[in-house]
Amino acid sequence: MPVRVKICGLTTYSDAVAAIDAGAHALGFVFHAPSLRYITAEEAGAIIAKLPVFVTTVGVFVHTSAPEINTLQAQIKFNYAQIHGSRAIKNDDMVRVPVIRAWSFNGDWSAEDLMQRSNQVFLLDSAPEGRWGGTGVTGDWHHLEQLLRRTEPKVRRRLILAGGLSSQNVKRVIELIRPFAVDVSSSVEESPGRKDHHKMKEFIDAVSSS
């Protein structure tokens, strides 16, 4: 199965369309105010309302309650909620859309945690603990691959990989880790929140060639 691509940290409609045209399968919108890629509900809603059908949209949250996520989702209709942070909600079934549970490589998780959540989509990000993605920090992919050897194959089929991925390294990382999808933000930007359309196409082409 081809590896899927999520472009995260989108803040403009033109960048969202360029990501789709380049072959992105999912678009991420960051609703965490301290982030350099923060977007308001009104701005994200205006973009999502104009997207073509069958484009998957993901709201990205940090330490956010289920009622807050549900209220925002009712307003702008994103398809998934990506949840970061040790203080994030524990009962994912309270959220009205499917949840992508995000962990830092350096966080408090284990191969056993992944096995217990093997029916849930999850994201592993190499951002340092306490920083919520978009850092460009490259992960210790070989260590991660060793951890994944202790899990069942179905775990990799739920895995989204993030952190320091670029058109230069993503093919090697995919061959090593064999994730379901990859997530990219900083390496395809002109500046935080503003995407470079050529870099997005290069990245997605590199994934397609893996």
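The values are calculated or read from the model by the stated rules, or taken from the named source; none is laboratory data. Fair warning: this is a prediction, and the values are worked out from it, not measured in the lab. Virtual Cβ from ideal backbone geometry, glycine too; neighbours counted across all protein chains shown. Accessible surface is based on the protein model in full, side chains and every heavy atom, while ligands, DNA and RNA are left aside. Shrake-Rupley method; radii C 1.70, N 1.55, O 1.52, S 1.80 Å.
Among the listed residues LEU10, LEU51, LEU27, identify the single one that is open to solvent by less than 30 Å² (accessible area, probe 1.4 Å) and over 19 Å from SER186 (Cα atoms).
Exactly one residue qualifies, and that residue is LEU51.
Report yes if LEU10 is under 30 Å from ARG178 (Cβ atoms), of a type outside the set (S, T, N, Q), touching a helix residue (DSSP H, G or I) at 6+ places or on another chain (Cβ under 6 Å) and modelled with pLDDT of 95 or more, otherwise no.
It is true that LEU10 is under 30 Å from ARG178 (Cβ atoms), of a type outside the set (S, T, N, Q), touching a helix residue (DSSP H, G or I) at 6+ places or on another chain (Cβ under 6 Å) and modelled with pLDDT of 95 or more.
What residue, of THR56, THR40, is among the polar types (S, T, N, Q), open to solvent by 30 Å² or more (accessible area, probe 1.4 Å) and touching a strand residue (DSSP E or B) at 6+ places or on another chain (Cβ under 7 Å)?
On the way: THR40 fails: touching a strand residue (DSSP E or B) at 6+ places or on another chain (Cβ under 7 Å).
Just a single option satisfies the conditions, and that option is THR56.
Suppose we keep only residues that are in a loop (DSSP other than H, G, I, E, B), under 18 Å from VAL60 (Cβ atoms) and modelled with pLDDT of 65 or more within segment 108-131. Which one would you say is least open to solvent (accessible area, probe 1.4 Å)?
SER126
Cβ-Cβ under 6 Å, sequence separation 6+ or interchain: first residue in segment 1-14 and free of Cβ contacts under 8 Å to residues at least 60 places away in the same chain, partner of a type in the set (A, V, I, L, M, F, W, C). Which pairs?
Correct list of pairs: TYR13/ILE47.
Within segment 188-199, count every residue that is under 15 Å from the mean Cα position of the chain (by Cα) and either buried (at least 22 other Cβ atoms within 10 Å of the Cβ) or modelled with pLDDT of 95 or more (or both).
1
Can you report the number of residues in segment 21-40 which are within 21 Å of GLN73 (Cβ to Cβ) and outside any loop (DSSP other than H, G, I, E, B)?
Residues flagged as within 21 Å of GLN73 (Cβ to Cβ) and outside any loop (DSSP other than H, G, I, E, B) within segment 21-40 amount to 6.
Restricting to segment 85-107, give me the number of residues that are at pLDDT 75 or above and of a type outside the set (Ser, Thr, Tyr).
The total comes to 13.
Residues are listed down the side, and each one gets a yes or a no for (1) within 17 Å of TRP141 (Cα to Cα); (2) outside any loop (DSSP other than H, G, I, E, B); (3) out of contact with any Leu (no Cβ under 7 Å at 6 or more places or on another chain):
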position	(1), (2), (3)
LEU161	yes, yes, no
GLN168	yes, no, yes
ARG172	yes, yes, yes
ILE204	no, yes, yes
